[in-house]
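Student: Let me give you the structure first, and then I'll get to my questions.
The values are calculated or read from the model by the stated rules, or taken from the named source; none is laboratory data. Predicted, not measured: the structure shown is a model, and the values here were computed from it. Neighbour counts are summed over all protein chains in view; Cβ atoms, including those assigned to glycine, are modelled from backbone coordinates with ideal geometry. SASA here: full protein model, heavy atoms, side chains in, ligands and nucleic acids out. Shrake-Rupley method; radii C 1.70, N 1.55, O 1.52, S 1.80 Å.
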Amino acid sequence: MKIISIINLKGGVAKTISSVNMAHILATVHNKRVLIIDNDKQGNASKMFGMHSYEHKGTEALMIEKDLNMEEVIRKTDYENLDIVCANMNLLKANLEVVLDQSRVQQTRFRKALNQVKDKYDYCIIDNAPDINISTINALVASEDVLIPVKIDDFAFDGLKEIKEQIEATKEDLNQNLNLKGCFITQFMKNEVNLQGKEYLNLQDEYPVFKTHIRRTEKIDESTFAKMPIVEYSRRCGAARDYLELVSEYLEK
Ligand SMILES: Nc1ncnc2c1ncn2[C@@H]1O[C@H](COP(=O)(O)OP(=O)(O)O)[C@@H](O)[C@H]1O
Ligand SMILES: [Mg+2]
C-alpha cells in the first residue's frame, strides 16, 4: 500500500477536492483498491461522501486507541474499491489527548494503524488539515509521497517553505521513505496572475511541479453540493479531465 499525503498549510487550495477526486479516479478508473483517511476535523472529505457523522469511530481512533482494529473504523463508500476513515470534531480532542500523553510514542500512530491494512489496499490518500499538528505529523510519518495543491494568488507560496522543512525533518528523524512528489496548480484560470504564477513555479527548482494543472470550473462547487466526485458529476468538464490526467501523470512519475 502506497500512502500519499495531500497537504498545504493554507485552506481553500483544494486539498479535499484533490484527495477525494484522485482517490475516486484511482479506484474507479485504474481499478486500484483505495482507502481515504480524512485527517481534518472539519470532515469535508467525509461530507463529500455523505458520510460525516458522530455515530461511527473515525480518524480520532487511529490517534488515541492503543489496540484499535482498523475494521472498526473503515467504512465503504458508494464506489467500488473505495473505502474511507471519516473525521469529525472528535479529532480535535484526540490530538490534544495525544500531545498530553507522554507514555506512548506520539508520531507513529497512523503508521502502526495503517500497517494492519497494508495488504488490503493499493493506495491510501490522506486529506490533511491546513496545519502542522500531531495528526498531520502522523500522516507524514506514515506516508511515502507528498502532494501539494497550490492555488495561485498573492499568498500562494506562503507556507511552502515550512512544509518542505517539515518534510525534511520528518524524513531525517522518522521516515526516510518520505518524498515530496510535487506541487500542482488548482483552480487554474487563464489570466495574467495564473500564467505568471505557473511560470514562476516552473522556473524555480526548490519544489518539483506536476505538468498538469486543474482548471477552475463551477462544476466543482456544484459537485460538493451533489456530494459526488467530479468524474461522476460531470466527466467532460475541464476539472474532471484534468484530475484524470493528474492521476495518470502521478502514476507515471
Ligand atoms: N477546480 C476547481 N474549480 C472551482 N472550484 C474549486 C476547484 N477546486 C476546489 N474548488 C473550490 O474551492 C473550495 C476549497 O476547496 P477544498 O478542497 O475544500 O480546499 P481545502 O481542502 O484545501 O481547504 C471549495 O469550495 C471547492 O468547491
Ligand atoms: Mg479540506
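Student: Scan the range 178-185 and give yes if some residue there is touching an Asp or Glu at 6+ places or on another chain (Cβ under 8 Å), of a type outside the set (V, I, T) and touching a residue at least 60 places away in the same chain (Cβ under 8 Å), otherwise no.
Tutor: Yes.
Student: Kindly indicate which of I163, I148, I220 is crowded, with 17+ Cβ neighbours inside 10 Å and farther than 23 Å from F110 by Cα.
Tutor: Numbers: I163 fails: farther than 23 Å from F110 by Cα; I148 fails: farther than 23 Å from F110 by Cα.
Answer to the selection: I220.
Student: Turning to a different aspect of this structure: Could you figure out which of (1) more than 13 Å from ligand 2 (Cβ to nearest atom); (2) open to solvent by 20 Å² or more (accessible area, probe 1.4 Å) isn't true of I17?
Tutor: The one condition I17 does not meet is (1).
Student: Name, by its number, the condition in (1) within 12 Å of ligand 2 (Cβ to nearest atom); (2) out of contact with any Pro (no Cβ under 7 Å at 6 or more places or on another chain) that does not hold for I74.
Tutor: Result: I74 fails condition (1) only.
Student: Please work out if D131 is surrounded by fewer than 13 Cβ atoms within 10 Å (Cβ to Cβ) and at pLDDT below 95.
Tutor: Details: surrounded by fewer than 13 Cβ atoms within 10 Å (Cβ to Cβ): no; at pLDDT below 95: yes.
Criteria not met by D131.
Student: Right, here's the next one. Considering only the range 32-52, I want to know if a residue exists there that is more than 18 Å from the chain's Cα centre (by Cα) and open to solvent by 10 Å² or more (accessible area, probe 1.4 Å).
Tutor: No, that holds for no residue.
Student: Just name the residue that is farthest from M22 (Cα to Cα) out of those in the range 63-80 that are open to solvent by less than 20 Å² (accessible area, probe 1.4 Å) and without any contact (Cβ under 8 Å) to a residue 60 or more places away in the chain.
Tutor: If we take residues in the range 63-80 being open to solvent by less than 20 Å² (accessible area, probe 1.4 Å) and without any contact (Cβ under 8 Å) to a residue 60 or more places away in the chain, then L68 is farthest from M22 (Cα to Cα).
Student: Check whether at least one residue in the range 81-96 is more than 13 Å from ligand 1 (Cβ to nearest atom), open to solvent by less than 20 Å² (accessible area, probe 1.4 Å), in contact with a helix residue (DSSP H, G or I) (Cβ under 7 Å, 6 or more places away or on another chain) and of a type in the set (G, A, S), and report yes or no.
Tutor: yes
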